[in-house]
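The values are calculated or read from the model by the stated rules, or taken from the named source; none is laboratory data. From a predicted model like this one, the values you see are computed outputs, not experimental measurements. Every residue, glycine among them, receives a Cβ derived from its backbone with ideal geometry; neighbour counts consider all protein chains shown.
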Amino acid sequence: MPLRVIDDYEFVWMLRGRASLVTRAETFFLTPGELLLIPPGFEHGFDWDPVHPSRHGYVHFGPSFVGSPVDGPRFMRMTGDNPVGGLCAYLLAGFAVDETLRYLVSVVLADPVEEPVTGTLRAVVLFLRAVWADLPLPRISVHDLASAASVTRGYLNRLFQAEFGVSVAAALERVRCSRAETLLTRTDLTVEAVARQCGFADVSHFSHRFTALYGLPPSAYGGSPSVLDHAGVRRLTRLLWA
């Protein structure tokens, strides 16, 4: 679908396969589990996977559903923490379309705008989403991540430093620790079990690294400080799991 400008709003989400949102400046990959909102007047096109079959859902609607104008595309993940996936299913089924659409718009626009990553970092995020979709988190090395993105470790480190303010190794460790924080404060799992669920070699290694990062052992952790106090780490975890 070539570059075009439409006069109304559009939601697009992949049901199967993949596609790309194309603009004059850059390209964004679309995969199942993501919702895209495109505002009127935004020049864009779509490239559908020419090899594998794909399906997508979409709906066009006017500004009366939105309120204040939206100045650019918005992306939102469908997760267990929000109703987006269910609302999209309701739209496809034709249930209470106007009411469902208004609620979906309000949910998407209430979410803080998160600038999507592109290119190599987009490939990295998609890889981590797939590998770390469920607990326990398997161990991933910098080499693994660089290989998945088809770049050198040095180049990937430079990208991470520029985008997230930390090295790849530090980012991977802190993202795993963000999961450990949740398990330590919201479950009755032992420290040994938390270490296993978050991909650390053993409880001794987990306790050593946790103490180095937080200034106290995991057995004494009560919710503060947090690795999410670092804006770059917080942004990466949102890209992976929000």
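Does ASP8 fit the bill of being modelled with pLDDT under 90 and of a type in the set (Asp, Glu)? No, not satisfied.
Quick one: would you say VAL117 is part of a helix (DSSP H, G or I) and in contact (Cβ under 8 Å) with a residue 60 or more places away in the chain? So VAL117 does not fit the description; no.
Of the residues in the stretch 138-149, not one is surrounded by 20 or more Cβ atoms within 10 Å (Cβ to Cβ), acidic (Asp, Glu) and either in a helix (DSSP H, G or I) or assigned by TED's automatic domain parsing to the domain that holds ARG235 (or both). Listed here are the strands (runs of 3 or more DSSP E) enclosed by the stretch 1-99 that have at least 1 residues being touching a strand residue (DSSP E or B) at 6+ places or on another chain (Cβ under 6 Å), farther than 24 Å from VAL124 by Cβ and charged (D, E, K, R): 9-16, 55-61.
Among the residues that make up the stretch 6-29, is at least one of them surrounded by 14 or more Cβ atoms within 10 Å (Cβ to Cβ), touching a Lys or Arg at 6+ places or on another chain (Cβ under 7 Å) and more than 24 Å from ALA130 (Cβ to Cβ)? So far as the stretch 6-29 goes, no, none of its residues is surrounded by 14 or more Cβ atoms within 10 Å (Cβ to Cβ), touching a Lys or Arg at 6+ places or on another chain (Cβ under 7 Å) and more than 24 Å from ALA130 (Cβ to Cβ). Annotation: of all residues in the stretch 93-136 being at pLDDT 85 or above and among the hydroxyl-bearing types (Ser, Thr, Tyr), the one that is surrounded by the most Cβ atoms within 10 Å (Cβ to Cβ) is THR100.
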